[in-house]
1. If residue 166 satisfies every condition in (1) under 16 Å from residue 134 (Cα atoms); (2) surrounded by fewer than 19 Cβ atoms within 10 Å (Cβ to Cβ); (3) of a type in the set (Lys, Arg) but one, which is the exception?
2. Considering only segment 108-156, state which residues are small (Gly, Ala, Ser), surrounded by fewer than 21 Cβ atoms within 10 Å (Cβ to Cβ) and within 17 Å of residue 166 (Cβ to Cβ).
3. Are there any pairs, at least 6 apart or on different chains, whose C-beta atoms fall under 6 Å, with the first in segment 111-128 and closer than 19 Å to residue 81 by Cβ and the second open to solvent by 70 Å² or more (accessible area, probe 1.4 Å) and among the charged types (D, E, K, R), and if so, which?
4. Scan segment 177-203 residue by residue and report those that are of a type in the set (A, V, I, L, M) and either within 14 Å of residue 160 (Cβ to Cβ) or at pLDDT below 90 (or both).
5. Tell me, please, whether a residue that is open to solvent by 70 Å² or more (accessible area, probe 1.4 Å) and touching a residue at least 40 places away in the same chain (Cβ under 8 Å) can be found in segment 67-86.
6. How many residues are touching a residue at least 24 places away in the same chain (Cβ under 8 Å), of a type in the set (Gly, Ala, Ser) and farther than 11 Å from residue 138 by Cα if we restrict to segment 164-182?
7. For residues that are touching a Ser or Thr at 6+ places or on another chain (Cβ under 9 Å) and outside any helix (DSSP H, G or I), scanning just segment 37-95, find the one that is modelled with the highest pLDDT.
8. Just to be sure before I move on: is residue 11 modelled with pLDDT of 75 or more and either open to solvent by less than 50 Å² (accessible area, probe 1.4 Å) or under 23 Å from residue 134 (Cβ atoms) (or both) in the structure I sent?
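The values are calculated or read from the model by the stated rules, or taken from the named source; none is laboratory data. Fair warning: this is a prediction, and the values are worked out from it, not measured in the lab. Glycine gets a Cβ as well: all are built from the backbone with ideal geometry, and neighbour counts include every protein chain shown. Side chains are part of the model used for accessible areas, which takes the heavy atoms of the whole protein and leaves out ligands, DNA and RNA. Shrake-Rupley method; radii C 1.70, N 1.55, O 1.52, S 1.80 Å.
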Amino acid sequence: MATYQTDEEQVEAIKKWWKENGKSVIGGIALGLLVVGGGKGWMEYSRVQAENSSNLYESFSQAARGEDPAAAAQRADQLIADSGKSTYAAFAALEMAKLQYQAGDKEKARQQLQWVVDNTGEQAIKQLAQLRLANLLLDMDKPDEAGALAQSVSQGGFAGEFNVLKGDIALAKGDKEAARQAWQKALDQGAADVTGLRMKLTSVGG
């Protein structure tokens with residue numbers, strides 16, 4: 001499934017997030033250093049919370065890599081409950097969606113992806129979740145829902161991948177010309193899987 005073709009997507013999303021938010025994060029830290037009294041207490045609390053979330057995410061990742069789905073699910077649920085607005089929680093939900101899809105439970109995977117869309121405050125991560133969710137909807141034979149989602153989102157750095165998806169949706173509906181146009185646009189926008197994209201274009205006369 002194209003949704004999970006490359007695990008590097010999450011790394012790319014983190015890079016995009018830092019590019020978009022790094023300055024504000026640094027600015028927030030600098031401002032925090034100017035605050036005394038209660039501000040110092042809040043900074044220490046935030047540091048401890050971030051450290052706990054980091055440790056729990058590492059524990060989740062180990063369970064996921066060790067093919068222990070029960071432990072991975074338990075730790076992901078705990079991470080979401082303890083720090084649901086954190087980037088760690090969002091990535092845990094993305095990974096759980098992948099594991100649930102691989103286990104054949106597409107509906108649970110859909111729920112995890114929708115949770116990320118609804119709860120993350122980071123635009124790049126939200127776009128990644130929307131892209132995966134739309135691909136999953138197409139895989140679940142819901143091309144209209146997938147198309148509506150693909151048309152409605154702010155695509156950001158994933159514009160090429162969204163156009164790959166639009167081409168897939170068009171082909172699923174039997175519109176080869178629309179598929180060709182979308183895939184050509186994706187190629188022009190630098191979509192990741194160039195070889196696969198060229199093969200798609202060839203299949204529709206591109």
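1. All conditions pass for residue 166, except number (2).
2. 147, 148, 152, 154, 156
3. none
4. Listed by number, the residues that qualify are 182, 186, 187, 191, 192, 194, 197, 201.
5. no
6. Number satisfying all stated conditions: 2.
7. 86
8. no
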